[in-house]
Structures are given as structure tokens and as C-alpha cells.
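Single-structure report; data block below.
The values are calculated or read from the model by the stated rules, or taken from the named source; none is laboratory data. For clarity, every value in this text was computed on a predicted model and none was experimentally measured. When we count neighbours, we look across all protein chains shown, and the Cβ atoms used for this are built from the backbone with ideal geometry, even at glycine.
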Amino acid sequence: MKPSRFEYVLPRSIEEAVAARVEHADTVVLSGGQSLVPTLNFRLSNPEAVIDLRLVPGLDDVRVEGEWIHVGGRTRQRDLELDDAVHAANPLIRETLHHVAHPVIRNRGTVGGSIAHADPSAELPCLLLCLDGEVVAHGPSGARTIDAQDLFEFILSTTLEPDEILTEVRFPVLPERTGWCFTEFARRHGDFALAGVAATLTLADDGTIAWGQLAACGVTTTPVRLVAVEDALLDDAADPSRFREIAALAADVVTVPDDESCSSAYRRDLLVGLVERALRTSWQRATERATARTSREVTS
């Protein structure tokens, strides 16, 4: 099939792009197009106007500044994946992007486009939520910042207003003594995951767990923080010997019903296994980073 008729708008500034959203009653924003173009072709989306952001300057800038990694909304996923400065600041980003579809998709797909699309099975929204990241949206009243925990509402639904455009995504730099992991399971590589987990684990100076952050995708109507698991990690007795027990607390977040891919019970078991794997991998990496730091301090 082919799209229904629409007006094609090619703004040269973010102000022009926002004005076009205000002018037309029903618009969609074209960034990478990897999700939008199929929905247009199958006429699942029938907008009055398509606003193409490719000539708007500054939307593909990437920089590490202080405690934040600033990523322009139109940044190609592959460019972010291969950015060595970003990898040094937060290796979980590259690891997560390895799981996004295939390189040919990541060559065109954009970071902001995936997050604004808000597919509950997608990896980047899960990553943003796990890291307590944030996005910047531009509207008629200017720019506003939205925390990840306030962004995702439902399947393919966010708190972005109809006249706003997502222009920047911000991920935090990983603290020292922090390990990370992104793991998922799909029926075939590149398919949307039946379940996926992003995790970070930070160790205190004495080697105990100081902080843990985990989020899951593919198990409910939005990416979801695994709060019960995070709370259990702060228990005084929490250590790798209890990771299986702690991971079991994640099962209750699964609300996806049985479907052609798997049963809800299978997805719960799968999520628990992925959480345990993410915890063990994060713990190992955090321990290695803490040991390396101690060695450097002794040497110096």
C-alpha cells in the first residue's frame, strides 16, 4: 500500500517546525522514519502534514558535558553506538544499541524518534527509564525538560503535547564503581524482544551495593522500572548469593497477556531469568571497575 495524501513540510529551524505543528490539525514528525514510514504505507497513520526535520540544524549534535550526555533528537542510532566518547562515559548505551534491530536499521533510525515513538518493547525507552534520563521538547512556549519517569504513558503514547517536538535526549554519565548490563530475549535476532532488561549497579567503598537501577521492556504497556528489585538490592544482606531470590520479585510487573509469541507465565519466568543475568553481569563489571580504580590509586 501507499500513504494517503499529505502536505510535506521541510522546515529549516525548530521554530518553523513547531509553527507547522500548530498550523496543521494533524501532523507527524519525520526523523529517521523507520517506524513512521511503515505506518504511513499501511495507512495506520493518515496525517494532514508530515514535518521532515532533516534540515533543522543542531538536532544531530552529540556531546559529553559534565554529568550528562547530550544527544540531539535526530542523531542516528548507529552514530551514537559508535561514538567512543559516549561509550567511555556510559558503556550501557552502546550495549543497548547492539540489540536494536539490525545495523541497516540503526543507520537510519534516530534516538529521539525511537523514544518519542514509545514502543513498549523498544530498547531505547527502557534504557532512558533505567538511567533516569530526560528529554527536551520544544513547543510554542519554548523548551521544557521531561524526566523519563514522566514521559511514557501507554503503548505508543507519551506526555509530549501535540504541538511539541522532541529535540534532545539526555543520558547521565555512569558513576565510578558502577557496572551495567542490557540483556533481552527475542525469537530471532533483530525482532522486538519478548522481554528485555537494562540495569546498573553501583558499589560502595566497602564493596556492598550502594544503588541499583533496573527497567524492563516488552512486559507491560510501557517500559517499567523494577522498583521491588531495586528496593531489595538496598537490603543490608543483598549480595550475589541472593540475586536469584531478588530477581523473582520482578515477575509481578508482567501484564502482557498470552499471545502468539509466548504465554504470560513464560514471559514472567523469562523476565526473572533476565533480571538475574543483568544483576550478575552488572555486579561483575562494577567489581572489576572498583578493583581497577583501587589499583590506579595504589600505583599513583
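Per-structure values
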quantity	calculated
Test set (1) over 21 Å from the mean Cα position of the chain (by Cα); (2) touching a residue at least 12 places away in the same chain (Cβ under 8 Å) - residue 257 fails condition number	(2)
Strands (runs of 3 or more DSSP E) wholly inside the stretch 129-174 containing at least 2 residues that are under 17 Å from residue 226 (Cα atoms)	152-154
The stretch 29-50, residues that are farther than 17 Å from residue 7 by Cβ, in contact (Cβ under 8 Å) with a residue 12 or more places away in the chain and within 23 Å of the chain's Cα centre (by Cα)	31, 32, 34, 35
Subset of the stretch 233-258 (residues that are closer than 24 Å to residue 147 by Cα and assigned to a helix (DSSP H, G or I))	233, 250, 253
Residues being of a type in the set (A, V, I, L, M, F, W, C), more than 16 Å from residue 32 (Cα to Cα) and under 17 Å from the mean Cα position of the chain (by Cα) - total across the stretch 51-93	8
Considering residues of the stretch 176-185 that are at pLDDT 95 or above and surrounded by fewer than 22 Cβ atoms within 10 Å (Cβ to Cβ) only, the residue nearest to the chain's Cα centre (by Cα)	183
Considering residues of the stretch 106-151 that are out of contact with any helix residue (DSSP H, G or I) (no Cβ under 6 Å at 6 or more places or on another chain) and among the hydroxyl-bearing types (Ser, Thr, Tyr) only, the residue surrounded by the most Cβ atoms within 10 Å (Cβ to Cβ)	110
Residues satisfying the stated conditions in the stretch 62-87, i.e. part of a helix (DSSP H, G or I) and in contact with a strand residue (DSSP E or B) (Cβ under 9 Å, 6 or more places away or on another chain)	77, 79, 80, 85, 86
Which listed residue is touching a Ser or Thr at 6+ places or on another chain (Cβ under 6 Å), closer than 24 Å to residue 128 by Cβ and either of a type outside the set (Gly, Ala, Ser) or in the same structural domain as residue 185 (by TED's automatic domain parsing) (or both), from 51, 105, 69	51
In the stretch 3-61, the residues that are of a type in the set (Ser, Thr, Tyr), loosely packed, with under 14 Cβ neighbours inside 10 Å, modelled with pLDDT under 95 and not in a loop (DSSP other than H, G, I, E, B)	none
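Residue-by-condition table, conditions (1) of a type in the set (Lys, Arg); (2) closer than 21 Å to residue 221 by Cα:
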site: 109; (1), (2): no, no
site: 115; (1), (2): no, yes
site: 119; (1), (2): no, yes
site: 128; (1), (2): no, yes
site: 151; (1), (2): no, yes
site: 156; (1), (2): no, yes
site: 170; (1), (2): yes, no
site: 188; (1), (2): yes, no
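Yes/no matrix, rows are residues, columns are (1) of a type in the set (Ser, Thr, Tyr); (2) touching a residue at least 12 places away in the same chain (Cβ under 8 Å):
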residue: 215; (1), (2): no, yes
residue: 220; (1), (2): yes, yes
residue: 233; (1), (2): no, yes
residue: 241; (1), (2): yes, no
residue: 250; (1), (2): no, yes
residue: 261; (1), (2): yes, yes
residue: 271; (1), (2): no, yes
